[in-house]
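The values are calculated or read from the model by the stated rules, or taken from the named source; none is laboratory data. Just so you know, these numbers come straight off a predicted model, no measurement behind them. Virtual Cβ from ideal backbone geometry, glycine too; neighbours counted across all protein chains shown. Protein only, heavy atoms only, side chains kept; ligands, DNA and RNA dropped before computing areas. Shrake-Rupley method; radii C 1.70, N 1.55, O 1.52, S 1.80 Å.
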Amino acid sequence: QMRALAVTLSYMIYDGACCHLSGDARLDNALHHLISIVGLAAGLAYQRCGTELVACLLVTEISSPLLHLREMLKELGVKDTDLNLLVDILFAVTFSVARMVCGTYVTYRTVTADNPILIKTMATSLLLVSAYWFLRILRMVRHKIGKKRLASKAAGKGSM
């Protein structure tokens, strides 16, 4: 578990630096990286909470392949298509179940166990960032579905 945490900590430092250097220095993204780095470093320093932190890694990263597929589709110019909408919905469902259901459970178990206060604080903080992203994702899906419905109605009127 500690090796997995060390590798993930290294990746989070790298990813945070890449985001910052590429101009993606949004506050929510910076907080996500900072919270993850501090939480992982605390787990390594205390040599505790390995199970909770590895569970957190699984929960928080399970939606990443779909997040990256969304970005690849944008780069390939595949926007406003059924495929793009499907990937957006799959991403939203995966993120929502993983972060808001499983993540809440992992956070609860972490906070109620005999863990250092720093670990408890980082677990709660990461859940709050996830809740913020969850609300943004819900807005995005609602917007995309509404846009699709308008396009369908317009196409239906145009064929009459």
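Just a few scattered comments:
- Binned Cα-Cα distance frequencies in the range 1-158 - 10 Å width, integer %: 10, 34, 32, 15, 6, 2, 0
- Annotation for the range 1-53: trypsin sites (Lys or Arg not before Pro) lying in DSSP loop with at most 11 further Cβ atoms inside 10 Å of their Cβ are ARG26.
- Helix 82-95 axis versus longest C-alpha principal axis of the chain: approximately 30°, rounded to the nearest ten.
- Taking all protein chains into account, the per residue accessible area for the chain stands at 62 Å² (1.4 Å probe).
- Distance between modelled label sites at TYR46 and ARG136, nm, 7 Å Cα→Cβ extension: 2.8
- The chain: angle of helix 117-158 to the longest principal axis, Cα-based, in degrees nearest 10: 10
- Counting only DSSP H runs of at least 4 residues, each contributing -39500 (n - 2.57), and dividing by the residue count of the chain, the helix-based mean residue ellipticity at 222 nm comes to -27500 deg cm²/dmol.
- Accessible area of the chain belonging to carbon and sulfur atoms, whole % at 1.4 Å probe: 68
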